[in-house]
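Have a look at the structure below before the remarks.
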Amino acid sequence: MEFLLWDCHEVARWIESLGFPQYKACFTENFITGRKLIYVNCIYLPRLGITDFKDMQVVISAAVRELLGITETLWSRSVADPPRDSVGLYLELKSQTGERADGLTYQQFLDEVESWTVP
(Lines give C-alpha, C1' and ligand atoms only; values in the text may rest on other atoms or scores of the structure.)
Protein backbone atom coordinates (compact mmCIF):
# COMPACT_ATOMS: atom_id res chain seq x y z
CA MET A 1 0.00 0.00 0.00
CA GLU A 2 2.79 2.33 -0.94
CA PHE A 3 0.31 4.78 -2.47
CA LEU A 4 -0.64 5.83 1.08
CA LEU A 5 2.71 7.64 1.21
CA TRP A 6 2.13 9.61 -2.02
CA ASP A 7 2.07 13.37 -1.77
CA CYS A 8 -0.31 15.38 -3.94
CA HIS A 9 2.26 15.66 -6.76
CA GLU A 10 2.66 11.87 -6.92
CA VAL A 11 -1.12 11.52 -7.02
CA ALA A 12 -1.22 14.08 -9.83
CA ARG A 13 1.39 12.09 -11.78
CA TRP A 14 -0.72 8.97 -11.30
CA ILE A 15 -3.80 10.82 -12.61
CA GLU A 16 -1.72 11.92 -15.59
CA SER A 17 -0.65 8.30 -16.18
CA LEU A 18 -4.35 7.39 -16.41
CA GLY A 19 -4.57 9.78 -19.37
CA PHE A 20 -5.86 12.90 -17.63
CA PRO A 21 -3.09 15.52 -17.52
CA GLN A 22 -5.80 18.20 -17.52
CA TYR A 23 -6.79 17.14 -13.98
CA LYS A 24 -3.34 17.27 -12.36
CA ALA A 25 -3.98 20.74 -10.93
CA CYS A 26 -7.31 19.60 -9.47
CA PHE A 27 -5.43 17.16 -7.27
CA THR A 28 -2.46 19.35 -6.37
CA GLU A 29 -4.52 22.48 -5.63
CA ASN A 30 -6.80 20.44 -3.36
CA PHE A 31 -3.86 18.66 -1.69
CA ILE A 32 -5.15 15.18 -2.50
CA THR A 33 -2.53 12.81 -1.12
CA GLY A 34 -2.47 9.04 -1.31
CA ARG A 35 -4.24 8.89 2.03
CA LYS A 36 -7.07 11.07 0.77
CA LEU A 37 -7.69 8.89 -2.29
CA ILE A 38 -10.17 6.82 -0.28
CA TYR A 39 -12.55 9.79 -0.50
CA VAL A 40 -12.19 10.25 -4.26
CA ASN A 41 -15.35 8.97 -5.90
CA CYS A 42 -18.04 10.27 -8.25
CA ILE A 43 -19.57 12.32 -5.45
CA TYR A 44 -16.29 13.99 -4.46
CA LEU A 45 -14.70 14.56 -7.89
CA PRO A 46 -16.90 17.53 -8.88
CA ARG A 47 -15.70 19.33 -5.73
CA LEU A 48 -12.19 19.01 -7.15
CA GLY A 49 -13.28 20.51 -10.47
CA ILE A 50 -13.73 17.27 -12.42
CA THR A 51 -17.17 17.36 -13.97
CA ASP A 52 -17.00 15.06 -16.99
CA PHE A 53 -19.12 12.14 -15.80
CA LYS A 54 -17.49 9.60 -18.12
CA ASP A 55 -14.02 10.51 -16.82
CA MET A 56 -15.28 10.33 -13.25
CA GLN A 57 -17.21 7.10 -13.35
CA VAL A 58 -15.55 5.00 -15.98
CA VAL A 59 -11.91 5.77 -15.38
CA ILE A 60 -10.92 7.79 -12.32
CA SER A 61 -13.27 6.30 -9.71
CA ALA A 62 -12.68 2.79 -11.02
CA ALA A 63 -8.90 3.31 -10.98
CA VAL A 64 -9.02 4.63 -7.42
CA ARG A 65 -11.05 1.62 -6.27
CA GLU A 66 -8.62 -0.70 -8.04
CA LEU A 67 -5.62 1.03 -6.46
CA LEU A 68 -7.22 0.79 -3.02
CA GLY A 69 -8.30 -2.80 -3.56
CA ILE A 70 -11.94 -1.89 -3.00
CA THR A 71 -14.59 -3.48 -5.18
CA GLU A 72 -17.70 -1.94 -3.65
CA THR A 73 -19.00 1.52 -4.41
CA LEU A 74 -19.43 3.44 -1.17
CA TRP A 75 -22.58 5.29 -2.24
CA SER A 76 -24.47 2.08 -2.92
CA ARG A 77 -24.02 0.61 0.58
CA SER A 78 -27.05 -0.02 2.72
CA VAL A 79 -27.00 -0.04 6.50
CA ALA A 80 -28.37 -3.59 6.20
CA ASP A 81 -25.20 -4.71 4.41
CA PRO A 82 -22.70 -6.85 6.31
CA PRO A 83 -19.73 -5.04 7.87
CA ARG A 84 -17.07 -3.56 5.56
CA ASP A 85 -14.01 -5.57 4.69
CA SER A 86 -10.83 -5.04 6.67
CA VAL A 87 -8.94 -3.32 3.83
CA GLY A 88 -11.61 -0.64 3.47
CA LEU A 89 -11.72 -0.02 7.20
CA TYR A 90 -7.93 0.15 7.39
CA LEU A 91 -7.78 2.65 4.54
CA GLU A 92 -10.36 4.83 6.24
CA LEU A 93 -8.15 4.97 9.32
CA LYS A 94 -5.01 5.62 7.26
CA SER A 95 -6.73 8.50 5.45
CA GLN A 96 -6.67 10.45 8.69
CA THR A 97 -3.67 12.39 9.88
CA GLY A 98 -1.91 12.11 13.19
CA GLU A 99 0.57 9.96 15.01
CA ARG A 100 -1.72 6.93 15.33
CA ALA A 101 -2.63 6.86 11.63
CA ASP A 102 0.97 7.52 10.59
CA GLY A 103 2.31 4.57 12.56
CA LEU A 104 -0.50 2.08 12.02
CA THR A 105 0.43 -0.92 9.88
CA TYR A 106 -2.10 -3.25 8.30
CA GLN A 107 -1.00 -6.09 10.57
CA GLN A 108 -1.42 -3.92 13.67
CA PHE A 109 -4.88 -2.98 12.46
CA LEU A 110 -5.81 -6.65 11.94
CA ASP A 111 -4.54 -7.52 15.42
CA GLU A 112 -6.60 -4.67 16.88
CA VAL A 113 -9.75 -5.72 15.01
CA GLU A 114 -9.28 -9.29 16.20
CA SER A 115 -9.11 -8.07 19.81
CA TRP A 116 -12.52 -6.39 19.34
CA THR A 117 -14.17 -9.70 18.55
CA VAL A 118 -12.39 -11.97 21.01
CA PRO A 119 -14.22 -12.20 24.39
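Some observations on this one:
- Top-ranked residue of segment 15-45 - restricted to ones that are part of a helix (DSSP H, G or I), under 22 Å from residue 91 (Cα atoms) and open to solvent by 40 Å² or more (accessible area, probe 1.4 Å), ranked as modelled with the highest pLDDT: 36
- Yes/no for residue 90 being crowded, with 18+ Cβ neighbours inside 10 Å and either at pLDDT below 75 or more than 14 Å from the chain's Cα centre (by Cα) (or both): no
- Matching residues, segment 46-62, being in contact with a Phe, Trp or Tyr (Cβ under 8 Å, 6 or more places away or on another chain), of a type in the set (A, V, I, L, M) and part of a helix (DSSP H, G or I): 48, 59, 60
The values are calculated or read from the model by the stated rules, or taken from the named source; none is laboratory data. Since the model is a prediction, treat every value here as computed from it, not as a measurement. Cβ atoms come from the backbone with ideal geometry, glycine included; neighbour counts cover every protein chain shown. When the accessible area is computed, the model is the full protein with side chains, heavy atoms only, and any ligands, DNA or RNA have been set aside. Shrake-Rupley method; radii C 1.70, N 1.55, O 1.52, S 1.80 Å.
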